[in-house]
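> Have a look at this one.
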Amino acid sequence: MRVARLFILAFAGVAPALAAPDTPKSVGKLPPVETFALPNGLQIAVLRSDVAPTVSVQVWYHAGSKDEPREHRGTAHMFEHLMFRGTDHVRPDVHRASIEALGGFVNAATDEDATHFSDTLPAEYVDFALQLEAERMRNLKFLKPVIDGERGGVEAEIRQQEAAPFALGLMRYLAVAYTKHPYAWTAAGNAKELDATSPDDLKKFYDIYYQPNNALVVVVGKVTLAEVKASVEKYFGPIAKGADPPRPAAASAEPEQTARRHEVAELSGVGLTMVGWHVPAARDKDIVALELAQHMLGTGEGSRLKTRLKASDPKTKRALALDGGMDAFLHEDPGMMIAVAAFADPAQADPIEAAIFEEVAVLARERTGSRRRRRPIMDPHGEPGRVPARRRRDRKSLGRGCPARRQALLLP
Amino acid sequence: MMRTLLVIAVVAACGPKSAPAPLPMLPGDGDTHVAKPPPPKPPPPVDPWTGRELIGFPQIKPPGPVELPKIEEYKLGNGLQVYVVKNSRLPLVAMQLAVRAGRMHEPRARLGVAELAADMLVKGTRKRDATALAKAIDTVGGTIAADSTFEATMLSCSVMSRNAGTCFELLSDMVTQPTFPDAELAKLRDALIAKAQQRLDDPGTLASAHALNLLWGNDHVRGWVNSEQSLSSIRRDDIVAWHRSWFVPGNAMLVITGDVDPRALRGDVERVFGAWRKAPVPPTPTYPEPGLSGTRIRLVDRPGLTQTQVRIAQFGIKHDDARFFDTLVWNHALGGSGGNSRLARALRADGKPYVAVSSFDRNIDRGAFVVSAVTRNNDAIATTRLLLGEIARMAKDGPTAEEIAAAIIGITGGYGLRFQSTADFGASIVTAELHGYGQEYLTNFPVAVGHVSLADAKRAAAEILSTKAYVVVLLGDAKDLEPALTKEGWRYEKMAFTDPVSAPYVPPEVPVDAKAVASAAKLIEDALAAKGGKARLSALKAFKLVGSGMTTIAGQSVPIEIARIAVLPDKMRLDATVKPPRAPRDIEFSVAVTEKAGWQRGPNGPNGDYTVVEMAGDALTTAAFERWREPELILLKASQPGAKLTPLADDTVDGKPCAVIKLRSPFGSIDVTLYIDKKTKLLSRMTFGDGGSIENDDFSDYRDVGGLKIAYKRSTNGGGRSTTLDLKAVDLDPKVDPTLFDKPAK
């Protein structure tokens, strides 16, 4: 189990997301996704694949850390664990043990916008997996000893995260970058606040968000639409529709950043520089162009930023940074694109920061036909070598607001 | 009420200690030794699920064959075996190139060469350097990787099918024309050395390595574990030689899966890989299997650990053993199915909150069967006993019919997961074909598992599991474990966690015969003559060498200047100036030794202060050894009457053949090994081992100075550091200020 660090979700309004707007012409044939909905609001997407005799059943709940009560951070994460620990008709851990006994495996992850659960197993048992998933959608038990045990597990994960320099740096970074929006914290949660979270608090969250009209069931594998439909109707059909869940983050929109924020923090471990920019929500039409920019700048050994940061200086024979790159934190609400570099020598911090700004500026300035543009681009929806069409917006997006910057410096 | 009592109890615990009882208690006084009535049992917790209708396990279907697309198979003229599987669901293609060159093929003197060579394959070819390779694959959004296992090196490449040509080109480039650039080698070797060192911080990995070493011994490839010593001895020419002998088409297979047209593809395969030059496949090294009678226990002491790693290992089976499927089944029941397995259940039933698993190698030759667990220190012996008991029970009674049924469901159900992605399918073909199994094996695997009967599984468990011949490794804090082991009467060998796992490699000594010693002496004579002659060297009274280069400090490469002054016979001084870029000032180090004393001077704290320390004990011995092994004079030491010389097997330094001679030093177990270039007769390398690590000094660019040949290029490797130096000035018999050797005040 893990807390997803990076996840792109166009969740609200599942159907339009599944319909994939602007289907690009150059993508090779992709198998079709078949979708349907139940009267209780549950959305279902089925992708048939007969490559292997297996099926993956996933249930996505539109409930992430941004939906948590501010004083109980980690609530969403608790469900990633609790959902395996007993329901009205399944004893604790039997869900997992049954899937494993069939040769399959289960997993779950929480991020800022959603929590999802998956069961991967031989395809002939798809009905069983759907039955187990429907059971825990509404029948979870809230037993104090079980909750106390799982809280310990979640808190251990939080401590583990806090022990990793990168995660620690990112947490501090987000707290500076977001002043109002709940993306200021990560999905892992806060141990102290979880201690003060009661079974009743958890039950309340469950009753609000773990409802068919707030969930998406995804089935991929060697199955037919008819058999999935039959099982889904049988098990999920009788569940009553819930109330529309509130979205607390809607009242906490992040105000536009008007000045550069810069903070130097002495943490521990290796030195880290993080420089990031606010970007639009994952569903924004500019996101593809931005992802392309992120890819060119900071994904893969050959990307510009990585090359620049890791190139050996001919004089000193040293590289600016030990490693670096750029990550996109794209969410339902406006996210961030963050350049990261790790270094051992604190004297490198300033030149690294300068290099990051410079590479971003070069990209924003470039015009069609400039020397680097000619590099063919692996656009997931485009043709190699094609220049992204929305360069102006791309530049605007990158330049919008001011960068929030954080350095976590550290010497042993 | 409860709360009040608790508060009182806490207050009482925090209050002053009560005064001792005025009279000593005797047995029979009070109730200390009186049998108490059993405390009332707490009511059993209410099971919230009692009486409920629970969701039951689904109806199980018998395992059948897996429907797989057809595998097309052909062999190129150069011997390369090719497998192609068409699967057009997604516009992707995955290629895997497996070469039978893994850890099992490594020479003992170069453990780690398979992994290092694999890592180096993506670091440069004749057409592309490391960056160009990365860019070539990045620009098509693909991935490329190389890795090595016990049996093979695997190169893999995945791209969208329209870019299949990129994969062809890069894979063939990497496998046939790698350049193994030195600069990349140094980085990757350091990374592997760091990994070997990290093993010390990972109790689980270290315990497993010890278990295999204890089981297979130091004369079998399965017992060898790479180390800083073995890794730092790997040079570029070793990797080139490794690649040249094993990376031949007849020793490799290419598997292509995905959205391809097999017929059209054949032309591309022939064109790209047909050019790979045919060469004979070397025989796979074989080692006699060690026997094992009785049990052996090794305690690996890691002070401070609160948990103990337990490993129980014995010999397993080969993949082609007729009992392979039976073994899959009984092992699934014993410890191969996580929390449901017998070992885990037995630990739980005993109230031990630990996990235990069992596994066995699936290799072409016989591997090991290993049980692993982690326990608290005070529970380690009891846990080991419990695990041994479960192994014995499985050997005696075998699995139950229910366990067999569960194992068949679990193994066959999990089998299908191997074919989920295009690359997974390719990997499954490689794994099967490496052992000579084809499509039928892959398709009917579940059927074969389903046929395992109770009698088969019982017989296999009884035959394979030994209750007498096995090894046990306990890795934990000896302070906690030794009393328990002694109490138990278990005999054990003890090692420190820092000790090398497998015995360090010692080059085989050519049997000492007078003729060999004479030839070694002759080699030294020739080397002395090449150096400028014994008379000229003996006449030297002093010298000064000044050079500059780079060295590693705290993992960083920094510029360094060094001056080395010797006044014979016994005075020596070394001054080093390190110039860290951006640092406010240079850092100086000095060391000086005279006949019986020595001192060193170095920075103390960040303020630019220096301290001078008088050398004593080990430091003085180390300095004396350094003086003894002075490279300019070592040949004189080797030519002295009584010098103990042992000729070793020839080797190469940077591709040049060298004669190798070991020279016994007067410093206990430390010897130096001299590599003398067969052509020039000049000293190319000098090494010495110190415990687990080994230091190498390499010499090249010899120039004539005052009748002596002096190496102007020098490099030192070892202990995670490397230094390269270019000499700038060489002064023979200079005037040396005698006060240079006096200890300075600050």
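The values are calculated or read from the model by the stated rules, or taken from the named source; none is laboratory data. Fair warning: this is a prediction, and the values are worked out from it, not measured in the lab. For neighbour counting, all protein chains shown are included, and Cβ atoms are generated from backbone atoms with ideal geometry for every residue, glycine included. Keep in mind that these areas ignore ligands, DNA and RNA; they rest on the heavy atoms of the full protein, side chains included. Shrake-Rupley method; radii C 1.70, N 1.55, O 1.52, S 1.80 Å.
> Over the Cα atoms of segment A:37-114, compute the convex hull volume and normalise it per residue, giving Å³. Working shown, then result.
On the way: hull volume 10.8 nm³, N = 78.
It comes to 139 Å³ per residue, whole-number rounded.
> Now, a different point. Which of the pairs A:234/B:70; A:66/A:222; B:318/B:458 have their Cα atoms more than 28 Å apart in this structure? Don't skip to the answer; put the middle values down first.
Working: A:234/B:70 38 Å; A:66/A:222 35 Å; B:318/B:458 18 Å.
Over 28 Å Cα-Cα: A:234/B:70; A:66/A:222.
> Quick query: amide H of residue B:654 versus all other amide H atoms, modeled in the peptide plane; which residues come in under 5 Å with a sequence gap of 5 or more or a different chain?
For residue B:654, whose amide H was placed from the backbone, the distant partners under 5 Å are B:237.
> Run the simple label-point estimate for residue B:187 and residue B:729 please: 7 Å along Cα→C-beta, distance reported in nm.
3.6 nm
> Which percent of the accessible heavy-atom area of the protein assembly as shown goes to carbon and sulfur, probe 1.4 angstrom?
Values: 29390 of 52850 Å².
It is 56 percent, rounded to a whole number.
> Of all DSSP beta bridges located in segment A:2-250, what percent are antiparallel, nearest 5? Mind showing how you got there, number by number?
Working: 28 of 36 bridges.
The antiparallel proportion sits near 80 percent.
> On to the next question. If the viscosity is 1.002 mPa s and the temperature 20 °C, what Stokes-Einstein diffusion coefficient in µm²/s follows for segment B:295-496 when Rh is the Kirkwood radius over Cα pairs?
119 µm²/s
> Rounded to the nearest 20 Debye, what is the dipole magnitude of segment B:295-496 about its Cα centre when Lys and Arg each give +1 and Asp and Glu each give -1 at the C-beta?
Details: 24 positive and 22 negative charges, 138 e Å.
My answer is approximately 660 debye.
> Ordered by residue, what ³J(HN,Hα) values in Hz, to whole numbers, does segment B:376-383 give under the Karplus form 6.51 cos²θ - 1.76 cosθ + 1.60, where θ = phi - 60° and Gly and Pro are x?
Going residue by residue, I get 5, 4, 6, 10, 4, 5, 4, 5 Hz, with x marking Gly and Pro.
> Which trypsin sites (Lys or Arg not before Pro) does segment B:119-218 hold that lie in a coil by DSSP with at most 16 other beta carbons within 10 Å?
On the way: sites: B:123, B:126, B:127, B:128, B:135, B:162, B:187, B:189, B:195, B:199; in loops: B:123, B:126, B:127, B:128.
Counting only loop positions with at most 16 other Cβ atoms within 10 Å, the trypsin sites (Lys or Arg not before Pro) in segment B:119-218 are B:126, B:127.
> Per-residue HN-Hα couplings for segment B:523-528, Karplus 6.51 cos²θ - 1.76 cosθ + 1.60 at θ = phi - 60°, whole Hz, x for Gly and Pro?
Values, residue by residue: 4, 5, 4, 4, 5, 5 Hz.
> Give the residues of segment B:346-363 whose amide nitrogen is closer than 20 Å to a point set 7 Å from the Cα of residue B:41 in the direction of its Cβ.
Residues B:349-351 qualify, since their backbone N sits under 20 Å from the label point.
> What residues of segment A:290-337 lose no less than 20 Å² of accessible area with every protein chain in place versus their chain by itself (probe 1.4 Å, heavy atoms only)?
Output list: A:301, A:302, A:307, A:316, A:317, A:318.
> For a Förster distance of 41 Å, can you work out the FRET efficiency between the beta-carbons of residue B:586 and residue A:142, rounded to the nearest 0.05? Display every interim value, and only then the final one.
On the way: r = 67 Å, r/R0 = 1.62.
Efficiency computed from Cβ-Cβ geometry: 0.05.
> Just to be sure I understand: of the beta bridges DSSP finds with both ends in chain B, what percent are antiparallel, rounded to 5? All intermediate terms of the calculation are to be shown ahead of the outcome.
On the way: 133 of 150 bridges.
Of all bridge pairs located within chain B, approximately 90 percent are antiparallel.
> How long is the protein assembly as shown along each principal axis, judged by its Cα atoms, biggest number first, in Å?
Projected onto its principal axes, the Cα set of the protein assembly as shown covers 103, 98, 73 Å.
> Please report Rg over Rh for segment A:76-197, where both radii come from the alpha carbon positions and Rh follows the Kirkwood definition. The partial results should precede the final answer.
Numbers: Rg = 16.5 Å, Rh = 16.0 Å.
Ratio of gyration radius to Kirkwood radius: 1.03.
> Please list, by residue number, every one of the GluC sites (Glu not before Pro) in segment B:551-649 that is coil in DSSP and has at most 16 other beta-carbon atoms within 10 Å. Before the final figure, lay out the partial values.
Values: sites: B:561, B:588, B:595, B:614, B:626, B:632; in loops: B:595, B:632.
Qualifying residues, ordered by number: B:595.
> What is the sum of charges, Lys and Arg at +1 and Asp and Glu at -1, for the other residues whose Cβ falls under 10 Å from the Cβ of residue B:136?
On the way: positive: B:127, B:128, B:135; negative: B:138, B:169, B:173.
Its environment carries a net charge of 0.
> I would also like to ask the following. With +1 on each Lys and Arg Cβ and -1 on each Asp and Glu Cβ, how big is the dipole of the protein assembly as shown about its Cα centre, in debye rounded to the nearest 20? Don't skip to the end; give the middle numbers.
On the way: 147 positive and 138 negative charges, 498 e Å.
With only Lys, Arg, Asp and Glu charged at Cβ, the dipole is about 2400 debye.
> Sticking with this structure for a sec: Evaluate the distance, in nm, between pseudo-label points positioned 7 Å from the Cα of residue A:200 and of residue A:224 along their respective Cα→Cβ axes.
5.1 nm
> Return the average number of partner chain Cβ atoms within 10 angstrom of each residue Cβ along peptide B:412-424. Show your work: numbers first, answer last.
Details: counts 4, 12, 9, 5, 14, 10, 2, 4, 9, 2, 1, 0, 2.
Mean shielding by partner chains, rounded to a whole number: 6.
> Return the value, in Å² to the nearest 100, of accessible area buried between chains A and B (probe 1.4 Å, both sides summed).
Values: alone 19050 and 37940 Å², together 52850 Å².
That pair hides around 4100 Å² of surface in total.
> Between segment B:432-504 and segment B:51-105, what's the alpha-carbon centroid distance in Å?
Segment B:432-504 and segment B:51-105 have Cα centres separated by 27 Å.
> With heavy atoms of protein chains only and a 1.4 Å probe, what residues of segment B:334-354 have at least 20 Å² less accessible area in the full set of chains than alone?
B:340
> Oh, and also: Would you mind classifying chain B by shape? Square roots of the alpha carbon gyration tensor eigenvalues, ordered a ≥ b ≥ c; an a/c under 1.5 is rounded, otherwise it is prolate if a/b is larger than b/c and oblate if not.
Working: a/c = 2.12, a/b = 1.27, b/c = 1.68.
The shape class here is oblate.
> Let me ask another. Nearest 500 deg cm²/dmol is fine: what mean residue ellipticity at 222 nm does the protein assembly as shown get from its DSSP H runs of n ≥ 4 alone, each adding -39,500 (n - 2.57), divided by its residue count? Can you show the working numbers first?
Numbers: 34 runs with 380 residues, N = 1158.
Computed ellipticity for the protein assembly as shown at 222 nm equals -10000 deg cm²/dmol.
> Turning to a different aspect of this structure: Using the heavy atoms of the protein chains and a 1.4 angstrom probe, tell me the accessible area per residue for the protein assembly as shown in square angstrom. Kindly include the intermediate steps, with their values, before the conclusion.
Details: 52850 Å² over 1158 residues.
That works out to 46 Å² per residue.
> Right, next: Among rounded, prolate and oblate, which fits segment B:474-621 when a ≥ b ≥ c are the square roots of the eigenvalues of its C-alpha gyration tensor, a/c under 1.5 means rounded, and a/b larger than b/c means prolate? Could you put the intermediate results ahead of the total?
Values: a/c = 2.34, a/b = 1.19, b/c = 1.96.
Oblate shape, in that a/c is at least 1.5 and b/c is the bigger or equal ratio.
> To continue, here is another question. So, in nm, how far is label residue A:88 from label residue A:107 when the simple model puts each one 7 Å beyond its Cα toward the Cβ?
A separation of 3.1 nm, rounded to one decimal place.
> Going by amide H atoms built from the backbone, whose H comes under 5 Å of the H on residue B:295, apart from near neighbours?
Under 5 Å from the amide H of residue B:295 lie the amide H atoms of B:470, each far enough along the sequence or on another chain.
> Same structure again: Once phi is turned into ³J(HN,Hα) by the Karplus curve 6.51 cos²θ - 1.76 cosθ + 1.60 with θ = phi - 60°, what whole-Hz value does each residue of segment A:47-63 show in order, with x for glycine and proline?
Coupling constants for segment A:47-63: 10, 8, 8, 9, 5, 10, x, 10, 9, 10, 10, 10, 10, 9, 9, 7, 8 Hz.
> Compare the peptides B:201-211, B:220-230, B:649-659 by average per-residue count of other Cβ atoms within 10 angstrom and give them in order, highest first. Write down the numbers at each step before the final one.
On the way: B:201-211: 19.5, B:220-230: 22.2, B:649-659: 16.0.
Highest mean packing first, the order is B:220-230, B:201-211, B:649-659.
> Okay, moving on. Roughly speaking, what is the stretch gain from residue B:743 to residue B:466, that is 0.36 nm per residue apart minus the C-alpha to C-alpha distance, in nm to one decimal?
Numbers: separation 277, 0.36 × 277 = 99.72 nm, distance 6.61 nm.
Length gained between residue B:743 and residue B:466: 93.1 nm.
> For residue A:208 and residue A:243 in the same chain, what is the full-extension length gain: residue separation times 0.36 nm, less their Cα-Cα distance, in nm?
Details: separation 35, 0.36 × 35 = 12.60 nm, distance 0.73 nm.
Extra length available between residue A:208 and residue A:243 comes to 11.9 nm.
> On a full-extension model of 0.36 nm per residue, what is the gain between residue B:131 and residue B:202, subtracting their alpha-carbon distance, rounded to one decimal in nm? Each step should come with its number before you reach the end.
Numbers: separation 71, 0.36 × 71 = 25.56 nm, distance 3.26 nm.
Difference between extended and current length: 22.3 nm.
> On to the next question. Find the centroid of the Cα atoms in segment B:330-358 and in segment B:118-136, then give the distance between the two in whole Å.
Using only Cα atoms to place each centre, the spacing works out to 45 Å.
> How many partner chain Cβ atoms sit within 10 Å of a residue's Cβ in peptide A:260-266, on average, as a whole number?
Values: counts 0, 0, 0, 0, 0, 0, 0.
Other-chain Cβ atoms within 10 Å of each residue's Cβ, averaged: 0.
> Under the definition of partner shielding as Cβ atoms of other protein chains within 10 Å of a residue Cβ, what is the mean value for peptide B:403-410?
On the way: counts 0, 0, 0, 2, 1, 1, 4, 5.
Averaged over the peptide's residues, the number is 2.
> Hey, another quick one. Between residue B:553 and residues 5 or more places away or on another chain, which pairs have amide H atoms under 5 Å apart, with H built 1.01 Å from N, and which residues are they?
B:558
> Identify the trypsin sites (Lys or Arg not before Pro) of segment B:252-336 meeting these criteria: DSSP loop state and at most 16 other C-beta atoms within 10 Å of the C-beta. Present the calculation step by step, with values, prior to reporting the outcome.
Numbers: sites: B:263, B:266, B:271, B:277, B:278, B:296, B:298, B:311, B:318, B:323; in loops: B:277, B:278, B:318, B:323.
Within segment B:252-336, the qualifying trypsin sites (Lys or Arg not before Pro) (loop, at most 16 other Cβ atoms within 10 Å) are B:277, B:278, B:318.
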